[in-house]
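Working notes for the structure below.
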Amino acid sequence: MSPGAPRPIFDAPVAAAHAEDLDLRQQQQPSDCTRARDWIDHAERTITLIDYGQSVDNMTRTVLHELAHYCDPVAGERRATRGDPVLEIVAECAAWLGGDSVLGLEMTDASATYVAAWLEAHDSDDDSVAQVNEHTSQVAKRLEEALVTPTSTP
Ligand SMILES: [Zn+2]
């Protein structure tokens, strides 16, 4: 992180989203909602956050996860990530790395729980684990660049 005045932790991913011309929207959670809480729409270039009274740290973790989907060229091609264990694991691991290394945000509890849940849904073998690792490292690099670039200008 660059030196200077402390900034709210939420600013960096929001600035990164805006720099990528992504629009952040907030919605109240409908009472009958069973879908994923938050999502990115690659075609509309929007990230939608459901407001359920979560902390700023948790909102930041969510934006990082959705930004990681944006930074994933495979997710961008498919334009729908929900329900794909590999894309969810890649996004969360990249968010975990970026949140921890760039923002200094504690990510482990939330990320480990999320990844463990998706791992149960994923049939893995050694080859696919190696591919997921390579995929994650590409997405994490793009996410970290997106997080650092908007804050590098005064
Ligand atoms: Zn996701």
Return the pairs, sorted by first residue and then second, in which the second residue is crowded, with 16+ Cβ neighbours inside 10 Å and at pLDDT 95 or above, the first residue lies in the stretch 40-64 and is of a type in the set (Asp, Glu), the beta carbons are less than 7 Å apart, and the residues are 6+ apart or on different chains. Asp57/Leu105
In the stretch 121-132, what residues are open to solvent by 50 Å² or more (accessible area, probe 1.4 Å) and either modelled with pLDDT of 95 or more or more than 25 Å from Asn58 (Cα to Cα) (or both)? Asp123, Ser124, Asp125, Asp126, Asp127, Val129, Ala130, Gln131
Are any residues in the stretch 100-120 open to solvent by less than 20 Å² (accessible area, probe 1.4 Å) and within 14 Å of the ligand (Cβ to nearest atom), and if so, which ones? Ser111, Val115
Residues (in a loop (DSSP other than H, G, I, E, B), touching a strand residue (DSSP E or B) at 6+ places or on another chain (Cβ under 8 Å), modelled with pLDDT under 90 and open to solvent by 70 Å² or more (accessible area, probe 1.4 Å)) located in the stretch 24-51: Gln29, Arg37
Of the criteria (1) modelled with pLDDT of 90 or more; (2) surrounded by 15 or more Cβ atoms within 10 Å (Cβ to Cβ); (3) not in a strand (DSSP E or B), which one Asp21 fails: (2)
With (1) within 13 Å of the ligand (Cβ to nearest atom); (2) surrounded by 14 or more Cβ atoms within 10 Å (Cβ to Cβ) as the list, and Gly83 as the residue in question, which single condition is left unmet? (2)
Elements of type helices (runs of 4 or more DSSP H) in the stretch 53-120, at least 3 residues being hydroxyl-bearing (Ser, Thr, Tyr): 56-70, 108-120
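The values are calculated or read from the model by the stated rules, or taken from the named source; none is laboratory data. Note that the coordinates shown come from a computational prediction; the quantities given were computed from them, not determined experimentally. Methodologically, a virtual Cβ is constructed for each residue, glycine included, from the backbone with ideal geometry; neighbour enumeration extends over all protein chains shown. For the accessible areas, the whole protein counts, side chains as well, though only heavy atoms, and no ligand, DNA or RNA atoms are used. Shrake-Rupley method; radii C 1.70, N 1.55, O 1.52, S 1.80 Å.
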